[in-house]
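The values are calculated or read from the model by the stated rules, or taken from the named source; none is laboratory data. Remember, predicted model here, so these are calculated numbers, not experimental data. Please note: Cβ atoms are built from the backbone with ideal geometry, for glycine as well, and neighbour counts cover all protein chains shown.
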Amino acid sequence: MARSHTRSATSARRLAVVESKVKNMADRYPTGARKNYEGKLLVAHPNLGDFFHRSVIFIYQDDPSSGTMGLVLNKPTRIKVADIIGERGLPYGGTEHVYKSGPVNENAVFLLHEDQWYGSNTMQIGNSGLAITSDAVMMEKLSMGNYPQGWRMCTGVAAWKPGQLQQEMNSIVGWLTCDANCSIVFDKDGDRQWNKSLQMCANQTIDSYF
């Protein structure tokens, strides 16, 4: 616990330095262009509270007319994948847990996975190397032992109406963003995933300006 607190404090200090540098650069080089966050990670600011406290979210849709949708990656539940598959009358011997990926449409089940694998309703997410599947075929394939190298089963989504996320991005206590990759999405969990993602945001932000 003490070690985790030290990492969080270090990340927060690093973040403060990055925010100061980025603000100075942004003031010098303003832009009114709308950014697209599809295929990116949103990482909660250390001071952001409520449901999204210390959340890491993968954005799979960002459209100016329909809004933004994503999956929270680092909030595991006590429900197991075997429970979800078993509700379909299918066997599954794995011990993986399901993740609570958002407060909207909580009964919807999604599989976030590497994009070499697919079901009958699979959506590739840009050039991120990731895809999302939501159909009965994915349950059958998992039951038969046919599963992606990297994957995470999720329920619910995080959603923003058009323009809402951009407003939150511009707030003092809001979101940080960085490029997603399979390692950060599937190899980390909980606060470890948030801390690692926070470091990635700091490093990628500095690299983009210098």
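Within the range 167-210, the set of residues being in contact with a helix residue (DSSP H, G or I) (Cβ under 8 Å, 6 or more places away or on another chain), closer than 14 Å to Ser55 by Cα and outside any helix (DSSP H, G or I) comprises Gly174, Trp175, Leu176, Thr177, Cys178, Lys188. Restricting attention to the range 153-162, the residues that are part of a strand (DSSP E or B) and out of contact with any Asp or Glu (no Cβ under 8 Å at 6 or more places or on another chain) total 4.
Is it true that Pro46 is in contact with a helix residue (DSSP H, G or I) (Cβ under 8 Å, 6 or more places away or on another chain), surrounded by 15 or more Cβ atoms within 10 Å (Cβ to Cβ) and either at pLDDT 85 or above or in a strand (DSSP E or B) (or both)? So Pro46 fits the description; yes. Scanning the range 143-166 for residues that are modelled with pLDDT under 95 and exposed (fewer than 11 other Cβ atoms within 10 Å of the Cβ) yields a total of 1. Within the range 185-197, residues that are in contact (Cβ under 8 Å) with a residue 40 or more places away in the chain sit with their Cβ atoms under 7 Å from residues that are part of a loop (DSSP other than H, G, I, E, B) and charged (D, E, K, R), at 6+ positions apart or across chains, in these pairs: Asp191/Arg54; Trp194/Arg54. Taking (1) in contact with a His (Cβ under 9 Å, 6 or more places away or on another chain); (2) modelled with pLDDT under 90; (3) under 26 Å from Lys100 (Cα atoms) in turn, Phe51 satisfies each apart from (1).
Could you tell me whether any residue of the range 119-131 is surrounded by fewer than 18 Cβ atoms within 10 Å (Cβ to Cβ) and either among the basic types (Lys, Arg) or touching a Cys at 6+ places or on another chain (Cβ under 7 Å) (or both)? Walk me through how you get there before you give the answer.
Narrowing the range 119-131 to residues surrounded by fewer than 18 Cβ atoms within 10 Å (Cβ to Cβ): 120-124, 126-127, 129.
Right, trim to either among the basic types (Lys, Arg) or touching a Cys at 6+ places or on another chain (Cβ under 7 Å) (or both) and you get 129.
Looking for residues that are surrounded by fewer than 18 Cβ atoms within 10 Å (Cβ to Cβ) and either among the basic types (Lys, Arg) or touching a Cys at 6+ places or on another chain (Cβ under 7 Å) (or both), one finds at least one in the range 119-131, hence yes.
Do any strands (runs of 3 or more DSSP E) lying entirely in the range 78-146 carry at least 1 residues that are touching a His at 6+ places or on another chain (Cβ under 9 Å), and which ones are they?
122-124, 130-133
Only one entry of Asn74, Asn36 meets the criterion of being at pLDDT below 95, in contact with an Asp or Glu (Cβ under 7 Å, 6 or more places away or on another chain), assigned to a loop (DSSP other than H, G, I, E, B) and of a type outside the set (D, E, K, R), and that entry is Asn36. Name every residue in the range 115-129 that is more than 16 Å from the chain's Cα centre (by Cα) and hydroxyl-bearing (Ser, Thr, Tyr), in order of residue number. Of everything in the range 115-129, those that are more than 16 Å from the chain's Cα centre (by Cα) and hydroxyl-bearing (Ser, Thr, Tyr) turn out to be Tyr118, Ser120, Thr122.
Note on the range 64-118: residues that are surrounded by 14 or more Cβ atoms within 10 Å (Cβ to Cβ), closer than 27 Å to His53 by Cβ and hydrophobic (A, V, I, L, M, F, W, C) total 12. The residue list Gly93, Gly145, Gly156, Gly129 contains one member that is on the phi > 0 side of the Ramachandran plot and free of Cβ contacts under 8 Å to residues at least 12 places away in the same chain, which is Gly145. With the requirement that a residue be touching a helix residue (DSSP H, G or I) at 6+ places or on another chain (Cβ under 7 Å) and free of Cβ contacts under 8 Å to residues at least 60 places away in the same chain, what does the range 98-118 give you? Matches in the range 98-118: Val98, Pro103, Val109, Leu111.
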